[in-house]
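Every number in this text was worked out from the coordinates using simple rules, so none of it is lab data. No experiment lies behind these values; they were computed from the predicted model shown. Positions of Cβ are generated from backbone atoms using ideal geometry, with glycine treated the same way; all protein chains shown enter the neighbour counts.
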Amino acid sequence: MLNEQPYWNPVIETLSREKLRSLQLKKFKAIFKWAYENSRFHRSLYDEAGIKPEDIRSLADVRHVPKVEKSMMQRIQRKDPFPYGDALCVPLEDVTEYRQTSGTTGQPVYQPDTWQDWEWWSECWAYILWAQGYRPSDRVFLPFGYNIFVAFWAAHYAAEKLGCEVIPGGVLDTQARILKIQELKATALMATPTYILGMAATANNKMGIEPASLGITKITCAGEPGASIPSTKKRMEAAWNAKVYDHAGATEIGAWSYECTAQPLGTHVNEAFFLVEIEDIDTGDIIEEPGRRGKMIITALDRIAQPCVRFDSKDVIEWDSGSCDCGRTFRIIKGGVVGRADDITKVKGVLLAPSAIEEVVRSIEGLGDEFEVIVDKLGDVDRIKLKVELAPGFEDKAKEIEPRLKDQLRLKTNLGYRIEIYDYGSLPRYDVKAKRFKDLRDKH
């Protein structure tokens, strides 16, 4: 029976590496040809580089295809065919779905999808949810606003595709969502790590409800690296008494990576639908071997309205050297997405990833979930300040916690910090993606 087998698509998910790579090459040739023939933007880009569809004979040839960056899409949009511009590959009347990026890195990018594309989104998510143990018996609560952002829209339809019962909680506030989970005995939940922790804090501190008593057995997180950060995952799992699974995706790309129930200390690339390359940030060389971090260049192999061909995502990742006990042959990203190349910055000559600070803060008992990092300059000297909160019940422990925090930060990030400790509830709260890192130096 379907419920008893571990794979949504057992043929594709267990293909040999040789056959899987052959499938990816076939699909890449098709989407590259489609973009070349149907998008004025892509054809111009490829003609300028002197590369045509017939030049792609192997996966090694793929790296010669020019990359696309978000800034390029921002420049060509808001023009005819309005609002998508020259990258649109289908007639406007074939566009059935509209989404846009959050705009956190500049002007939002508009994303059109055909009905075929939206079915593709749903199928990508079906692979993810089945791998994380979702089954038709689950009642899934989605506590997010049904807005112009893709968020968990496709996950909603994928859960229905699996046969799950889906409860949309978009217009409810946090307390009402918690009461609805309790009333309807939901078994699964999807949100950002920030909001999962925020819901737990609201239940505990404002409602007198233990989140662990609500019966949630599995939680899927996206939008932030938190579910792949061990200390953050541990906090979420402890609060809810549920398994927490990571997922990575993006509006322009799709649902490209996920953690399975085997939890291999990383996330699978959804290689049936995506071709992922890792590029050295300094040299531009393609990294094939495990153990070296770089930024992800990704192709969505089946998305046709506005193709995503060798998109420079800025996500920092590295290949894992092992295979997964789940039996899937899809490669693993070690530790999931570490951060964004835009966010990983030099402070006092040291490369700093905000996720490393999160790992430290969330690992220390007595600190709340929220924190804020501010980098600035005094003269020519970089300074870094960390604001944290004391957890309820630890109001008189600041003097004990501060030296432990400083020591762990020095150990994990090789930097010294000015620490500011606040009472619980003092720092900003976020319902979706948190904005905890601020670099105020002029050059940034």
For the chain, calculated [θ]222 nm from helices alone, where every DSSP H run of n ≥ 4 adds -39500 (n - 2.57): -9500 deg cm²/dmol
Within straight-line cross-link reach of K79, lysines at Cα separation under 17 Å, skipping those fewer than 8 residues along the same chain: K70
Overall Cα dimensions of the chain, principal axis frame, Å, largest first: 69, 60, 44
Restraint check, K27/K52; K206/K397; K185/K218; K233/K433, Cα-Cα greater than 19 Å: K206/K397
Bins of 10 Å, starting at 0 and running to the largest distance - Cα pair percent for region 327-444: 12, 42, 31, 11, 3, 0
Region 1-152: equivalent-ellipsoid semi-axes (sqrt of 5 x gyration tensor eigenvalues, Cα, Å): 31, 25, 13
Length-normalised contact order for the chain - Cα pairs under 8 Å, 6+ apart - percent: 13
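If you take the C-alpha gyration tensor of region 275-385, multiply each eigenvalue by 5 and take the square root, what semi-axes do you get, largest first, in whole Å?
Details: eigenvalues 184, 77, 42 Å².
For region 275-385, the semi-axes come out at 30, 20, 15 Å.
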Per-residue Cβ neighbour rank within 10 angstrom, fewest leading, L142, L390: L390, L142
Sorted by Cβ neighbour density within 10 Å, fewest at the top, the residues S257, S228: S228, S257
Alpha-carbon spread of region 24-69, three principal axes, descending order, Å: 24, 20, 18
Cβ charges +1 (Lys, Arg) and -1 (Asp, Glu), total dipole of the chain, debye: 460
